[in-house]
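Notes to accompany the following structure.
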Amino acid sequence: MEINGLALLVIIPVLIGIVNLVLPNLLKKILNLAGIVYLLYLAFSLFIQYNNGTALEFNLFGNLIFRLDILTLFTIIFIEILSLLIYIFSLKGVTKNIEKYFHVLYPLTVGACNGAVISVNSISLLIFWGASGILLYLFAMLGSEDSTSDTARKTLIIVGGSDALLVLGLVLLRFLGNSGNWLFLNTNLALSNGVTYIAFFSVLIAAFAKAGGFPFHTWVPDFSRDSIVEGAAFLPASLDKLLGIYLLARMVLTMFVLTTFIHMIVITLGALTVITAVMMAMVQHNGRKLLGYHAVSQVGYMIMGVACGGMLAADGQIM
């Protein structure tokens, strides 16, 4: 097994998170910052290799696990850029009582998000997607508000419950798709009967719950209010939104063949996400919860853009 750049996108942050369990806080900060800077350098190196026509894949025990394409590449680059910017912002903002946990959870979350995005195997996608959900719950528990535990539980129920539907959708895709294996890339499953619709909507719910799309958005403003502000900026406002929109884009472009009616349903849900979030933001008196609804409204615009299904819409999500 050859460890290439794709595998390092996961291995490096996970190792940093494990090592940080025993390091003092100052060394944790230095190691995290160095690791994220290297991941950004690695992402741009992969970009150059991809443009030069190099096939970028990672196999484990004879099974294809990771692969890079243009959608994956740009998502990875934005994950690393956002992770670096938010971490720099967090260096002096995290309180002493949660510092040791924050600097462990941060690189682990980056590694889980990287793994989910570069996965083309359903099993590895489920592992990293589920890990990111658990880490989201742990970040929620870092808050100090009276309702923090309730918000963390709500987040786990919505996001974790949708993960069960993601399992169902990917299993159905395995047996209904054209690949004949656990690869979900380029399955192009036509929505032709009830079972294919179940597969589609199961994966769609998982994408919406992760990104914060209507009607699975309610955890986002509560998380923004009750979690630490660094965690709110890092996850629902950035990385979790990226993961959800990435999965939605993958569904529309390569996993399913959507009918015009289904395109309109998803576009309508995107519009409802915008309208609902804006209306709720207008009556908020808590600034952080208001910003949470603002983040949800932006997700709605992204959903509508992806659901259009055209190349211009796809380019808009990348840019």
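The values are calculated or read from the model by the stated rules, or taken from the named source; none is laboratory data. All figures in this text were calculated on a predicted structure; none of them were measured in a lab. Please note: Cβ atoms are built from the backbone with ideal geometry, for glycine as well, and neighbour counts cover all protein chains shown. Surface areas here come from the heavy atoms of the whole protein model, side chains and all, with no ligands, DNA or RNA. Shrake-Rupley method; radii C 1.70, N 1.55, O 1.52, S 1.80 Å.
Rolling a 1.4 Å probe across all protein chains gives residue 45 an accessible area of roughly 30 Å². Relative contact order of region 1-152, taken over Cα pairs closer than 8 Å and 6 or more residues apart, is 30 percent.
When the inverse distances between all different Cα atoms of region 161-319 are averaged and flipped, the Kirkwood radius reads 15.9 angstrom. When the chymotrypsin sites (Phe, Trp or Tyr not before Pro) in region 47-88 are filtered for DSSP coil states and for at most 15 other beta-carbon atoms within 10 Å of their beta-carbon, the remaining sites are 61. Stretching residue 283 away from residue 188 to a fully extended chain increases their span by 29.9 nm, per 0.36 nm per residue minus the current alpha-carbon distance. Divide the volume of the convex hull around the Cα atoms of region 18-72 by the residue count and you get 100 Å³ per residue.
When +1 charges are put on Lys and Arg Cβ atoms and -1 charges on Asp and Glu Cβ atoms, the dipole computed for the chain relative to its Cα centre reaches about 280 debye.
Within region 190-233, whose backbone N sits under 19 Å from a point 7 Å along Cα→Cβ of residue 144? Backbone N within reach: 223-233. The 3J(HN,Hα) values that the Karplus relation (6.51, -1.76, 1.60; θ = phi - 60°) gives for region 165-172 are, in residue order, 5, 4, 4, 4, x, 6, 5, 5 Hz. Gly and Pro appear as x. Extent of region 1-148 along its three principal axes (Cα atoms, max minus min coordinate, largest first): 50, 27, 26 Å. Residues whose amide H comes within less than 5 Å of that of residue 66, counting only those at least five positions distant or on another chain, are 58, 120 (H built at 1.01 Å from N in the peptide plane).
Cα convex hull, the chain: 125 Å³ per residue, rounded to a whole number.
Percent of C-alpha pairs per 10 Å bin in region 211-291, short distances first: 17, 43, 29, 11, 1.
The mean sequence separation of alpha-carbon pairs under 8 Å and at least six residues apart, normalised by the residue count of region 78-213, gives a relative contact order of 20 percent. With protein chains left intact and a 1.4 Å probe, residues in the chain average 43 Å² of accessible area per residue. Note on region 64-218: Cα convex hull, mean projected area over all directions, 10.0 nm². Across 43, 307, 164, mean-square fluctuation computed from a Gaussian network of the chain (C-alpha pairs under 10 Å connected) peaks at 164. Helix-only arithmetic for the chain: the sum of -39500 (n - 2.57) across DSSP H runs with n ≥ 4, divided by the residue total, places the mean residue ellipticity at 222 nm at -24000 deg cm²/dmol.
Each residue of region 93-107 was assigned a 3J(HN,Hα) from its phi angle through the Karplus curve 6.51 cos²θ - 1.76 cosθ + 1.60 (θ = phi - 60°); the sequence is x, 6, 6, 4, 6, 10, 4, 5, 6, 4, 6, 8, 5, 4, x Hz, with glycine and proline shown as x.
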